[in-house]
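Undergrad: This is the structure I want to talk about, given as structure tokens.
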Amino acid sequence: MSSVLEQLVNKPYEHGFRTDIEAETAPKGLNEDTIRLISAKKGEPEWLLEFRLKAYRHWLTMVEPRWPNVTYAKIDFQDIIYYSAPKPKKKMSMDEVDPELLRTFEKLGVPMNERAALAGVAVDVIFDSVSVATTYKEKLAKVGIIFCSISEAVRDHPELVRKYLGSVVPPTDNFYAALNSAVFTDGSFCFIPKGVKCPMELSTYFRINTEESGQFERTLIVAEEGASVSYLEGCTAPKFDTNQLHAAVVELVTLDNADIKYSTVQNWYAGDEKGVGGIYNFVTKRGLCKGVNSKISWTQVETGSAITWKYPSCVLLGDNSIGEFYSVALTNHYQQADTGTKMIHIGKNTRSTIISKGISAGHSNNSYRGLVKIGAKAAGARNYSQCDSMLIGSNCSANTFPYIEVQNAAGKVEHEATTSKIGEDQLFYFRQRGIGTEEAVSMIINGFCKQVFQQLPMEFAVEATKLLGLKLEGSVG
Amino acid sequence: MRNEGGKGLLEVRGLRATVSGIEILKGIDLTVREGEVHAIMGPNGSGKSTFAKVLAGHPAYEVTAGSILFEGKDLFALDPESRARAGLFLGFQYPVEIPGVTNSAFLRLAYNTVQGARGKDELDPLEFDDFIREKLKLLDMDPAFLDRSVNEGFSGGEKKRNEILQLATLEPKLAILDETDSGLDIDALRVVANGVNQLMRRDNAFVLVTHYQRLLNYIVPDYVHVMEGGRIIKTGGKELAFELENRGYDWVVNEFKAGTEPVATAGSA
């Protein structure tokens, strides 16, 4: 990464509140006092403190998972600051933004200030225009949709948060989910009431630019009976953070006939070309199709982070419910990704589709890991999985670890996998038709990822296409 | 010859090339002028396809000696895409498959890139659609073909037809067609040959690499070259192709050996 960018991102806060911030930061390390401090600072109700403490006590008994196909130095959990008050960043005008960063945005086709409004995307706080956010909020409120930070939700809608928080990913679920449950500081909350189709795509687009939601983000989305929402997380713009470890938890719940479409573009700082630095992105994402005929669809484009470790999953509890997972995971240089999904079929006639596209370049390591489980009562359940890997160069690796457990003989599971390599002959074919190498690679990659990009909202799809080209610049030829 | 005394298009002199350290081309000389059709024939492994790929700049081959001028310019100074943009086209013997990339997108990008290099206007998707449909008619191809991925799941004949469609789209100065006839049934061969014939102009030229004479029944060459052991060992007119069809390659090879090694082989032959 360019030092200019690094300087920009790590630029110390220049105006005011300095002392206040110092005072608002908890000392390094994690113990029950830290958790009590977080809870107190946020003015949380007693039940939430109990939720946190329970998670923490359980976390103490757990060990870090070692089964992912990734390697990294041991994390010192006592060397992390678990609470600092949200730092309001200085509002910048476009003239003040580093030209290098602007160039990257331009390449990605992201008009920084207007994009969200133009795209008809509601963001819970917008980069430099709070008024737009307010407008959307009013529009959403009119149809009864709640879209706010999880802290606000705890304050304003405690009964809803209490009912659903941890109902999909229990605090004891896994090492990082337990850690998150103990120390999460903020995130998004979205509630779509019965029968409401959300009139616009909801997005957290620039929220992280205005306010650090911290390393332990918590997202909860609930769609009541017949409700429907499409939610966008992240953006293609490169994101930098001094926190190396990110352990988010995302929970989705759909009741009868409801559907949630959750799209992610992840482009956290991936470390430099030699593999120094970069974010560890250890995320637990899970959706519960609680009601009949409900549907949860995950689409992810993972291009950032030094290490990505995430399995957006669906628990198909309601009869006839549908789970989908569409994923593009791209690794370059020394990036490592171990990602995939779990489709747990419990209800009858539940269906799931898994389309995974892994692209490895440089010295990177890219693994698909997925579980398809057909429970004993899931008569008529069906799954279709397709896992394709593409290799660029000869120093990278791609792996596929499919796990299939079928307990009901009436279930049907199909799995297809391919591995291909962008070969010299393929590139030569393009070049012989006048098309240069970079453009050829971009076209091949986009062709490879088409099934997934088709699932993304239009704006995202265009950006994702450009993003992949940008991430692979210089990796071929 | 359609263009008597046409301008020199391609000048190959003493070309030698290796792949993985093995010398395949051992000194090739060839001159192609505008308006000419050349056929390069020869047995398997004689270096015909290698020659075609070296002309197009395939990175797997290393040129160790000789020179190639294309319209008077040093071809070695150009990378493969620049050669294509300059008007050199290779119809592949084994066209590669490109899953997920539609023919229409691929053709349009190639067309616009080459047009741009020639300082001409690019076509937007709608204009290009009109343009390409005319070309499809030339080769008796179904427009549904445009929505399919490049060469994916194509029959051998469809792949070859697709190569000629690309040729028709890019309108190069020099087209090298590497065994375009292989894998074609007689009807497809006729369609492809007819397409090629319609693309011939006074200012372009064709080099046909082929095993068999049958293609030359439909596309009549001005020159026929016989390649063997990485060299052109005999050049003649179109009648040479018939003679090869009837007598095989051995007599040419023997004749060549007799010519190059008169004392040693003349007596024993």
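Please treat every number below as a calculation from the coordinates, not as lab data. Remember, predicted model here, so these are calculated numbers, not experimental data. When we count neighbours, we look across all protein chains shown, and the Cβ atoms used for this are built from the backbone with ideal geometry, even at glycine.
Undergrad: Using only alpha carbon pairs under 8 Å that are at least six residues apart, calculate the relative contact order of chain B and give it in whole percent. Walk me through the intermediate numbers first.
TA: Numbers: 476 pairs, mean separation 69.1, N = 269.
Dividing the mean separation by the residue count of chain B yields 26 percent.
Undergrad: While we're here: What is the order of B:Leu215, A:Leu49, fewest Cβ neighbours within 10 Å to most? Please report the intermediate quantities before stating the final value.
TA: On the way: B:Leu215 25, A:Leu49 17.
In increasing order of surrounding Cβ atoms, one gets A:Leu49, B:Leu215.
Undergrad: Taking beta carbons within 10 Å but only from partner chains, what does the mean come to for residues B:150-161?
TA: 1
Undergrad: Name all residues of segment B:26-44 having a backbone nitrogen under 12 Å from the label point set 7 Å from the Cα of B:Lys7 along its Cα→Cβ direction, giving them as ranges.
TA: Those under the cut-off are B:34-35.
Undergrad: Moving on. Provide a whole-number value for the mean count of partner chain Cβ atoms within 10 Å of the Cβ atoms in peptide B:106-113. Please report the intermediate quantities before stating the final value.
TA: Values: counts 7, 1, 0, 7, 5, 2, 2, 6.
Per-residue shielding by partner chains comes out at 4.
Undergrad: Using a Förster distance of 22 Å, how high is the FRET efficiency between A:Trp47 and A:Glu152, based on the Cβ-Cβ distance and rounded to 0.05? Walk me through the numbers before you get to the answer.
TA: On the way: r = 17 Å, r/R0 = 0.78.
Efficiency for this residue pair is about 0.80.
Undergrad: If you take the beta carbon distance between A:Thr172 and B:Asp130 as r and set R0 to 45 Å, what does 1/(1 + (r/R0)^6) give as a FRET efficiency, to the nearest 0.05?
TA: Working: r = 64 Å, r/R0 = 1.42.
E(calc), rounded to 0.05, equals 0.10.
Undergrad: With each pseudo-label sitting 7 Å past Cα toward Cβ, what's the B:Ser182-A:Glu473 distance in nm, one decimal?
TA: 4.1
Undergrad: What order do you get for B:Trp251, A:Trp298, A:Trp268 when you list them from fewest to most C-beta neighbours inside 10 Å?
TA: Details: B:Trp251 12, A:Trp298 26, A:Trp268 22.
Ranked by crowding around the Cβ, least crowded first: B:Trp251, A:Trp268, A:Trp298.
Undergrad: Too long at a 26 Å Cα-Cα cut-off: which of B:Lys7/B:Lys53; A:Lys142/A:Lys466; A:Lys471/B:Lys160; B:Lys53/B:Lys160?
TA: On the way: B:Lys7/B:Lys53 23 Å; A:Lys142/A:Lys466 36 Å; A:Lys471/B:Lys160 35 Å; B:Lys53/B:Lys160 17 Å.
Listed pairs above 26 Å: A:Lys142/A:Lys466; A:Lys471/B:Lys160.
Undergrad: Along the Cα→Cβ direction, 7 angstrom out, place labels at B:Phe242 and A:Asn69. What is the inter-label distance in nm?
TA: In this crude label model, B:Phe242 to A:Asn69 measures out at 6.3 nm.
Undergrad: Under the definition of Cα pairs under 8 Å and six or more residues apart, what whole-number percent is the relative contact order of segment B:15-107? Kindly include the intermediate steps, with their values, before the conclusion.
TA: On the way: 77 pairs, mean separation 25.8, N = 93.
This gives 28 percent for segment B:15-107.
Undergrad: With each label point set 7 Å from Cα along the Cα-Cβ vector, what nm distance links A:Asn399 and A:Glu273?
TA: 2.8
Undergrad: For B:Leu123 and B:Asp147, what is the calculated FRET efficiency with R₀ set at 22 Å and r taken between the beta-carbons, to the nearest 0.05?
TA: Working: r = 18 Å, r/R0 = 0.81.
The calculated FRET efficiency here is 0.80.
Undergrad: Can I ask one more? Kyte-Doolittle mean at least 0.0 and Cα extent at least 18 Å along the axis: which DSSP H helices of chain B qualify? All intermediate terms of the calculation are to be shown ahead of the outcome.
TA: On the way: long enough: B:103-117 (21 Å, 0.12); B:125-138 (20 Å, -0.46); B:156-170 (22 Å, -0.67); B:186-199 (20 Å, 0.67).
The answer, listed by residue number, is B:103-117, B:186-199.
Undergrad: Based on the mean of other Cβ atoms within 10 Å per residue, sort peptides A:429-442, B:148-161, A:314-327 so the most packed one is first.
TA: Working: A:429-442: 22.2, B:148-161: 18.1, A:314-327: 25.0.
Highest mean packing first, the order is A:314-327, A:429-442, B:148-161.
Undergrad: Can you pick out the pairs among A:Lys290/A:Lys412; A:Lys194/A:Lys412; B:Lys159/B:Lys238 whose Cα atoms lie more than 31 Å from each other?
TA: Check vs 31 Å cut-off fails for A:Lys194/A:Lys412.
Undergrad: Between A:Lys197 and A:Glu439, what length in nm is gained on full extension when 0.36 nm per residue of separation is reduced by their alpha carbon distance?
TA: Details: separation 242, 0.36 × 242 = 87.12 nm, distance 3.96 nm.
Difference between extended and current length: 83.2 nm.
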